[in-house]
Each structure stands twice: as structure tokens, then as C-alpha cells.
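Report on the structure given below.
The values are calculated or read from the model by the stated rules, or taken from the named source; none is laboratory data. Keep in mind that what you see is a predicted model, and the values were worked out from it rather than measured. Ideal geometry is used to build each Cβ from the backbone, glycine not excepted, and the neighbour counts take in all protein chains shown.
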Amino acid sequence: MKESGKHKPAKICYEHIGGKLGELLMEQFVAKGWISKYGSADKHFYITEKGEHEFSELGIDLTQIKSE
């Protein structure tokens, strides 16, 4: 299927959004304070209290995410 120039790709990679869309979402979530890291060397993000509230306001059920 040939993609039209009007559509932007949203890639799925191992059950998450990848590609440029995933990158842009992550950058905005960090900038808004919805997700953060414990330290700059940490590879993993966590959802902040503000993020819990904001994601819930968007209708995202965070109980679907496993706690670590």
C-alpha cells in the first residue's frame, strides 16, 4: 500500500508507539512534567503525580500499566 503525502506514519514497535510520533510525544510529556526520570543516567521514565492526573483527564486508564 503506497502512502499518500498527506499521512504521517505512526509506528508500532513492541506494543508502544515508536518513530517520530513516539519521540515527539515523549518530549512533550517531559516538557509538561507528565513523565520524568530519577536521574540523567536513568534509561526509564516514570509517570509523575501531575502526569497521573493529566493522563486520567485524557481518559487514559493507567491501571493498565504494570508497576515496577
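So is G33 small (G, A, S), surrounded by 12 or more Cβ atoms within 10 Å (Cβ to Cβ) and at pLDDT 95 or above or not?
So G33 fits the description; yes.
Taken over the stretch 46-68, the residue count meeting the criterion of being surrounded by 10 or more Cβ atoms within 10 Å (Cβ to Cβ) and modelled with pLDDT of 90 or more is 12. Taking each residue of the stretch 42-68 that is within 17 Å of Q28 (Cβ to Cβ) and without any contact (Cβ under 8 Å) to a residue 24 or more places away in the chain and looking for partners that are charged (D, E, K, R) and in a loop (DSSP other than H, G, I, E, B) with beta-carbon atoms closer than 7 Å, six or more apart or interchain, yields F45/K37.
Taken together, the residues in the stretch 54-68 that are touching a Phe, Trp or Tyr at 6+ places or on another chain (Cβ under 9 Å) and assigned to a helix (DSSP H, G or I) amount to 3.
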